[in-house]
1. Considering only region 292-312, I want to know if a residue exists there that is at pLDDT 95 or above, in contact with a strand residue (DSSP E or B) (Cβ under 8 Å, 6 or more places away or on another chain), part of a helix (DSSP H, G or I) and buried (at least 23 other Cβ atoms within 10 Å of the Cβ).
2. Yes or no: Leu328 under 19 Å from the mean Cα position of the chain (by Cα), farther than 20 Å from Trp236 by Cβ and not assigned by the TED database to the domain that holds Phe361?
3. Just to verify a result, which residue in region 74-87, among those that are in contact with a Gly (Cβ under 7 Å, 6 or more places away or on another chain) and touching a residue at least 60 places away in the same chain (Cβ under 8 Å), is farthest from Leu332 (Cα to Cα)?
4. Do the conditions hold for Asp462, that is, is it in a loop (DSSP other than H, G, I, E, B), touching a residue at least 24 places away in the same chain (Cβ under 8 Å) and not hydrophobic (A, V, I, L, M, F, W, C)?
5. Inspect all residues belonging to region 345-357 and state whether any of them is closer than 20 Å to Leu398 by Cβ and surrounded by fewer than 19 Cβ atoms within 10 Å (Cβ to Cβ).
6. So in region 550-571, with the set limited to residues that are in contact with a Ser or Thr (Cβ under 8 Å, 6 or more places away or on another chain) and under 22 Å from Val159 (Cα atoms), which one is surrounded by the most Cβ atoms within 10 Å (Cβ to Cβ)?
7. Could you please let me know if Thr493 is at pLDDT 75 or above, of a type outside the set (D, E, K, R), farther than 26 Å from Tyr205 by Cα and touching an Asp or Glu at 6+ places or on another chain (Cβ under 7 Å)?
8. Please go through region 99-132 and pick out each residue that is in contact with a Leu (Cβ under 8 Å, 6 or more places away or on another chain), small (Gly, Ala, Ser) and either surrounded by fewer than 17 Cβ atoms within 10 Å (Cβ to Cβ) or not in a strand (DSSP E or B) (or both).
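The values are calculated or read from the model by the stated rules, or taken from the named source; none is laboratory data. Treat the numbers as computed from the prediction; the structure is a model and nothing was measured. With ideal geometry, Cβ positions are generated from the backbone for all residues, glycine too; neighbour counts draw on all protein chains shown.
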Amino acid sequence: ERLRLGDHSSEEVRRELLSHDKCEAGVDVLHIAEWSSVFKPICKEVGAESFKRAVRAELEHPLTEYPRIAVGPVVGKVTDDSARILVEPDRDVTIVVRLVPETGGAGVSQEIALTSGVPGVLRFSNLEPGTRYVADFQGARLHTDCCSFRTLPRGGWSVDRGDRPRFAVASCNKVYTSRQLPRGCKADLWRDLETRLRSGEQFDYMFHLGDNVYNDHEWYLMEKGKKKLEGFSCKWGVAMKWLKALDRSTWESKRHDVEELFRSAYRETWGHPPTRYVLANVPNLMIFDDHDIRDDFGDREQDLDPNSLDRWLAEIAYGILKQYQRQLYEDLPGEVRWDFHHHAMGDIGVAFVDVRGCKTFHRIDGDPAPFLGKVQWRRLEDEMMEQQGLFEGCRVMLMLMPVPIAYVNERATMYAGKRFVDDLLGQWSATVHLPEVPRFLRLCAQWRRARPGRQLVIVGGDVHEGGWTDIYTDDQTDCIRQLTTSAIANRMTKPYEALAVALTRSVASAYDNCRLAGNWRMTHYEWTNLRNYAVLECLGGADADEGRAVVRGQLVASDGTQLQRLQAHTTREPLRSVQMHAMAADAVGHVYNGLKSIPNYFFGGERRASFPALSAKG
């Protein structure tokens, strides 16, 4: 298709196809490929094994005459004087990377020996604060035209000094959805982020809240028998199908093949051109969720069984995950074996809350707090409330978590979770997790009250919707604002599905008088079922709210054809405690979108695209 459009030369197409085959199938797993009817007689004629040997030989040749960075560069944690950059080469190579200040001056260089197909990290120190650096790569070529970032001001951001740090926040990044958009589509949210960065718009960090890759593309449908396993897009399904047919004693001998299969999820997802550019030009920090491993991981009995195939594959996926995601902020093997991580950046504190690893890979039998785990609880409480805690000097706290803490209430969670949407059983509102909700909200409120001028916002992902929620106590003395953003690239719910979700979310809440847990209530407003990402900005000084820091948030949404900048909100706005009005507004919006989609369904838009015979000749 790309050759037909004239975007690539034939040699580039050949090279890209070989690279695609190598990353999706893996050289050593060709024997599980399902040949088409055209290939079967060829295989029979020449012998399947000799055919596969020929393919292996072809794939093992270097793809180009010059080494390339196959994954990355991905800019990781950046401070006022240091930075990390993750890269994965297409062959063993030693490279030199020089960071040069954009305004000129002496640069900083690092040399690193890289292993083919394995991500490595360049660590830079002694950088100048508040300086934009551009990376110059020698010894390997990039698939993107630029790699750059800006260091933090000396000592981190100060909102009183007038610093206004801005962050992009995203979750649920399914590359197969992005691939379905027309080439160069401006409504691709990753393309929008790339455009904003290229235009010089400020983004100081990007936070990824889970499902950062989909290792299990549509596995939930295959498990239910609604779809057959085809191709290699569902890495988890390919591995399950393959190893289920083998004796348990042989699994370990296939570890390398499975690792290569799971690595391909990152090579594909982070290889989407706009995504590649964004990751290379803004610092990134991540926390994982279930689809980074497998749908609902951590909520099933086999996930805790050390002898199960699910657990064995999950351990491999987790090891790969740490190489690509954890290395963005710490070395491997790290001294800290937990998956939550905290960062103080001057006035801004960032806490990534883990809801998956703590109840699986780091599970403690008999833990009284099974959702976050007692170790994570202890660390959070120490660093937020102790005088020497990490966040003692912060003015703003961003509590970042894969799932929103306030979404649906316990009644709706348990009813719908057991009958229709089992994902809900992995939410805060599930009965077994509910006692940790008021504890977490009390901690947030206590941190904010402990010093004047503080502000705190909760940001969640996962639910394929975006919107705002006010969480408040019965007497309304404490109010915490939550922003949910999901998904930057995934299937959108249809209008009638979105209406059903809105009614479940809001009517069930209203039925229980907006009760969340303990003495906390919630009100949802201005939700959208469109794909979206969030932009957060922290304000102080003249923009402060009676001396208190202010956080401004906005969702950027897309239906695949048009972009929308949705209504921005700030923490200085008054509490919203009337649920029915907000619910009615959401419902009317979904009904309107449904009516608006009817003409497109019959006469244009996506429906017309499904009839390729309707050409000029037709």
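1. Within region 292-312, none of the residues are at pLDDT 95 or above, in contact with a strand residue (DSSP E or B) (Cβ under 8 Å, 6 or more places away or on another chain), part of a helix (DSSP H, G or I) and buried (at least 23 other Cβ atoms within 10 Å of the Cβ).
2. Details: under 19 Å from the mean Cα position of the chain (by Cα): yes; farther than 20 Å from Trp236 by Cβ: yes; not assigned by the TED database to the domain that holds Phe361: yes.
Judged against the criteria, Leu328 is a match.
3. Filtering region 74-87 down to residues in contact with a Gly (Cβ under 7 Å, 6 or more places away or on another chain) leaves 80, 84-87.
Restricting the remaining residues to those that are touching a residue at least 60 places away in the same chain (Cβ under 8 Å) gives 80, 84-86.
Working: Asp80: 23, Arg84: 13, Ile85: 14, Leu86: 13 Å.
My answer is Asp80.
4. yes
5. Within region 345-357, not a single residue is closer than 20 Å to Leu398 by Cβ and surrounded by fewer than 19 Cβ atoms within 10 Å (Cβ to Cβ).
6. Applying the filter and picking the extreme gives Val551.
7. No.
8. Gly107, Ser109, Gly130
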